[in-house]
1. Just in the stretch 1-92: which trypsin sites (Lys or Arg not before Pro) are loop by DSSP and have at most 13 other Cβ atoms within 10 Å?
2. Could you tell me how far the Cα centroid of the stretch 282-302 sits from the Cα centroid of the stretch 197-268, in Å?
3. For the chain, what does the convex hull of the Cα positions come to per residue, in cubic angstrom?
4. Where is the GNM fluctuation largest for the chain (alpha-carbon springs, 10 angstrom cutoff): A262, A186, A346?
5. On a full-extension model of 0.36 nm per residue, what is the gain between H353 and Q32, subtracting their alpha-carbon distance, rounded to one decimal in nm?
6. In this model, which of K2/K185; K8/K86; K29/K70; K70/K184; K2/K134; K325/K369 are farther than 18 Å apart at the alpha-carbon?
7. Based on DSSP H runs of at least 4 residues, each adding -39500 (n - 2.57), what is the mean residue ellipticity at 222 nm of the chain after dividing by all its residues, to the nearest 500 deg cm²/dmol?
8. Note the full-extension length gain between V280 and S119 as 0.36 nm times their separation in residues minus their Cα-Cα distance, in nm to one decimal.
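Derivation of every value follows stated rules applied to the coordinates shown; laboratory data play no part. Just so we're clear, the structure is a prediction, and the values are computed from it rather than from any experiment. Here the Cβ is made from the backbone with ideal geometry for all residues, glycine too, and neighbour counts use every protein chain on show.
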Amino acid sequence: MKYRTDLKSGKKLSVLGLGCMRFPSSMEKTEQLIVKAIEEGINYLDTAYIYPDSERRVGLILEKNNLRDKVYLATKMPLAPLRESKDFDRIFSIQLERLKTNYIDYYLMHMLTDFEQWSKLCKWGVKEWIQEKKSSGEIQQIGFSFHGKQQEFLKILEAYDWDFCQIQYNYSDENNQAGVTGLKKASEKGIPVIIMEPLLGGKLVNNLPKKAVEAFHEADPDVSLASWGFRWLYNQPEVTLVLSGMSSEEQLFDNLNTASIAEVGMLMEKDMVIFEEVKVAFQESQRVSCTGCNYCMPCPQKVNIPGCFNAYNISYSIGFVEGIKQYVLSIGGVSSEPSVASRCTACGLCEKHCPQSIEIRKYLKATKKRLEPFWVKIGLNIGRKFMRRR
């Protein structure tokens, strides 16, 4: 495992961090994954108040295996439940209890999208609250995670003496959201940058078009698609740590192998040419920039929004038949109430929570048109009747 220094605190952080949003379904497998990750040198765990059952699992596993002092814990203050200043302490207390700890190493304001949100928190006394928690030692480092326009990121970056920040960044969209400009600006200010969505929610592994996959394999057939994505990030000196939401030991060991050789400048000019070819191929194939974060869920009409968009993109990047297959699987095609795109009533609630600012209603209509032709509907109806008879 390679480590990079957090210049604000002097802490040595593993270049690979464990993102705790996409754990295995069972507690046993989750425990095996976390313990193995720490044994192999990962010392940064990133969870959040709103990740389903994540904080509780992390807390129990660290306590059971006496591993709390082996890792830096990161979690986040959710913005949606906040109504007044008292909510800061209420939510933070719940998090400490869940995580079985009395302090958080890296604490973030979760998913800031614009300067107005930060200003609102300031009116509620968030700066004073942060100072109080830092003085007591309950918060070691304070930062924010960001999903929004680049100019808003730069405003927030200048508005407070941040200890670190977390941005979405990968080779497919280096100019979106905070982007490379935000990355370099934070680094210039000496602020460590944590990277999330390094593989765009898995799409840079599972949804790459054939042309992109062939380009990588021709360059080096022994390097995994995931490893290419991580190498692009580790190549940059401004990147402090890369989070990965690993859910299997296979993913863990592949990422560990890459982390073991992570160096600034590890890519050669010929590698960068390959990335340019892949980026063009990938961007041509994607129709919706959904990362599958699930912030838009649950839908009041029970539409599986991320599942719909994943299938929609696959229908273009991999093939129409595969897209239909994924659609049927992701929306529960033979269930009594399948989560199809056509259930959408265009209420717009989902769009208020989307960190990518996707026009969800517009693309659900497009998904319906492409993946719900009459013969698919007939097939789903037959399938449901068959299942009811069993």
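1. Values: sites: K2, R4, K8, K11, K12, R22, K29, K36, R56, R57, K64, R68, K70, K76, R83, K86, R90; in loops: K2, K8, K11, R22, R83.
Sparse-neighbourhood loop trypsin sites (Lys or Arg not before Pro): R83.
2. Each part reduced to its Cα centre gives a spacing of 22 Å.
3. Numbers: hull volume 57.8 nm³, N = 390.
Hull volume over Cα atoms, normalised by residue count, gives 148 Å³.
4. Judging by the Gaussian network model, the answer is A346.
5. Residue separation times 0.36 nm, minus the Cα-Cα distance, leaves 112.3 nm.
6. K2/K185; K8/K86; K29/K70; K70/K184; K2/K134
7. Only helices count here, giving -14500 deg cm²/dmol.
8. 54.1 nm
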